[in-house]
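The values are calculated or read from the model by the stated rules, or taken from the named source; none is laboratory data. Remember, predicted model here, so these are calculated numbers, not experimental data. We place every Cβ from the backbone using ideal geometry, glycine too, and count neighbours over all the protein chains shown. Heavy atoms of the whole protein, side chains included, go into the accessibility calculation; ligands, DNA and RNA do not. Shrake-Rupley method; radii C 1.70, N 1.55, O 1.52, S 1.80 Å.
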Amino acid sequence: VGPCPYRGLAAFREKDAPFFFGRETFTQRLAEAVQRQPLVAVIVGSSGCGKSSAVFAGLLPRLRDAGDWLIADLRPGAGPFRALAGALLPVLSPELDDIDRLLQARKMADALSEGDLPLADVVARALDKQPRARRLLLVVDQFEELYTLCPDPDMRRRLVDTLLQAATSAGKGRVPRLVLLLTRRAEFMGQALAHRPFADVLQEATVMLGPMNRDELRAAIEEPAEVQGAAFESGLVERILDDVGEEPGNLPLLEFALTLLWERHRHGWLTHDGYEAIGRVEGALARYADQVYARLDGAEQASTRQILVHLVHPGEGTEDTRRLATRAEVGEENWGLVQHLADRRLV
């Protein structure tokens, strides 16, 4: 039996493609969309529907296999132009070491932000360096971070304009050299639609991603285990499917439960007894988190609460969203505790 094929609370990445099942139909739609249009926006109703996994473990391996795509990806964060420059430099100047790349990223971010360096020129230069590459796919994952983490409205508008200008520069009837792929949650559409050029483009660019149906969930449960040489006891998959239902946002809970269940397999068999022991789908994460928390002393428990607060951006008319926290925000004195929580897969 091979290593665990499930991802716990993390999204699937490219390296996890052999274990990514259930989204084949949507992945095909996405592949067709990026072939024919310069901007594709993947919209989901709530967090936890698997939009990032579908892009990174579903779409990107297909495009890399095609051999004529360059791929860069970023999350906007608090400094979206710095994130954009950091994503482009590895495909533009792969020979740079880490220090040179950091220095160049600052210069490029400033030039892109001020309009001194058109994004289309950067894309053209990167493609000219790769003879086989015809197009560059720029993935902006968790696009809602532009509104939840970037405090400067003018910077947000300039980033959107920079991306749109480059993505639409080819003109009608010509194959775009840059294809822009955004993933975002539906409740942030209001901010996007308030900027008219963005609203106009989104009308033709949106691809909706709904919750997985029962057959798709079955594939996501059974097939990764089969790849690794394991199997479920009779009736267990049906129990898991009944417990997870088709509620949006349940995929992380399902993946976490399957990860804990895998740790209890008996010679490759995933059992009903093991499933009960972890607390089933609904209770697995809560029970596990409580166990980890209970092993901390009083001071560590108080610090853990502070750390977790840093990882949430409270919604203002929307659901709360997750956010990235820096080492400085959580405090140097708490960094060892952060690493402890990360080792136990809770952050």
How many residues are of a type outside the set (Gly, Ala, Ser), at pLDDT 80 or above, part of a loop (DSSP other than H, G, I, E, B) and in contact with a helix residue (DSSP H, G or I) (Cβ under 7 Å, 6 or more places away or on another chain) if we restrict to region 308-327? 1
Return yes or no: is residue 337 assigned to a helix (DSSP H, G or I), within 30 Å of residue 216 (Cα to Cα) and either among the hydrophobic types (A, V, I, L, M, F, W, C) or without any contact (Cβ under 8 Å) to a residue 12 or more places away in the chain (or both)? no
Find all pairs meeting these conditions: Cβ atoms under 7 angstrom apart; at least six residues apart or on different chains; first residue within region 4-25 and in contact (Cβ under 8 Å) with a residue 40 or more places away in the chain; second residue assigned to a loop (DSSP other than H, G, I, E, B) and open to solvent by 50 Å² or more (accessible area, probe 1.4 Å). 8/345; 9/345; 16/7
Filtering region 259-287 down to residues that are open to solvent by less than 80 Å² (accessible area, probe 1.4 Å), in contact (Cβ under 8 Å) with a residue 40 or more places away in the chain and either touching a Leu at 6+ places or on another chain (Cβ under 7 Å) or not β-branched (Val, Ile, Thr) (or both) yields 262, 265, 268, 270, 281, 285
Residue under question is residue 141, and the condition is that it be among the acidic types (Asp, Glu) and under 22 Å from residue 27 (Cβ atoms); does it hold? yes
Identity of the residue in region 49-61, crowded, with 20+ Cβ neighbours inside 10 Å and not aliphatic (A, V, I, L, M), that ends up modelled with the lowest pLDDT: 49
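Matching residues to (1) under 24 Å from residue 53 (Cα atoms); (2) surrounded by 14 or more Cβ atoms within 10 Å (Cβ to Cβ):
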| position | (1), (2) |
| --- | --- |
| 147 | yes, yes |
| 164 | no, yes |
| 181 | yes, yes |
| 196 | no, no |
| 207 | yes, yes |
Wholly within region 173-248, which helices (runs of 4 or more DSSP H) include no fewer than the required count, namely at least 1 residues that are of a type in the set (Phe, Trp, Tyr)? 196-205
All but one of (1) at negative phi; (2) not in a helix (DSSP H, G or I) hold for residue 304, so report the exception by its number. (2)
Considering only region 20-38, state which residues are of a type outside the set (A, V, I, L, M), assigned to a helix (DSSP H, G or I) and within 26 Å of residue 162 (Cα to Cα). 32, 35, 36
Kindly indicate the residue of region 288-307 that is surrounded by 15 or more Cβ atoms within 10 Å (Cβ to Cβ) and of a type in the set (A, V, I, L, M, F, W, C) and also farthest from residue 234 (Cα to Cα) among those meeting that condition. 307
Cβ-Cβ under 9 Å pairs, at least 6 apart or on other chains, region 30-52 side on the phi > 0 side of the Ramachandran plot, far side open to solvent by less than 20 Å² (accessible area, probe 1.4 Å) and assigned to a strand (DSSP E or B): 50/44; 50/209
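Go through 236, 311, 258 for me and flag whichever is among the aliphatic types (A, V, I, L, M) and in contact with a His (Cβ under 6 Å, 6 or more places away or on another chain).
Values: 311 fails: in contact with a His (Cβ under 6 Å, 6 or more places away or on another chain); 258 fails: in contact with a His (Cβ under 6 Å, 6 or more places away or on another chain).
Result: 236 is the single residue among 236, 311, 258 that is among the aliphatic types (A, V, I, L, M) and in contact with a His (Cβ under 6 Å, 6 or more places away or on another chain).
What about residue 41, is it open to solvent by 30 Å² or more (accessible area, probe 1.4 Å) and outside any helix (DSSP H, G or I)? Spell out how you get there, then give the answer.
On the way: open to solvent by 30 Å² or more (accessible area, probe 1.4 Å): no; outside any helix (DSSP H, G or I): yes.
Spelling it out, it is not the case that residue 41 is open to solvent by 30 Å² or more (accessible area, probe 1.4 Å) and outside any helix (DSSP H, G or I).
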Filtering region 225-258 for residues that are open to solvent by less than 60 Å² (accessible area, probe 1.4 Å), touching a residue at least 40 places away in the same chain (Cβ under 8 Å) and farther than 17 Å from residue 278 by Cα leaves a count of 5
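For region 62-101, enumerate the residues that are closer than 20 Å to residue 124 by Cα, open to solvent by 30 Å² or more (accessible area, probe 1.4 Å) and outside any loop (DSSP other than H, G, I, E, B).
Residues satisfying the conditions are 64, 66, 73, 82, 86, 90, 101.
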Can you tell me which of 47, 53 is closer than 21 Å to residue 322 by Cβ and part of a loop (DSSP other than H, G, I, E, B)? 47
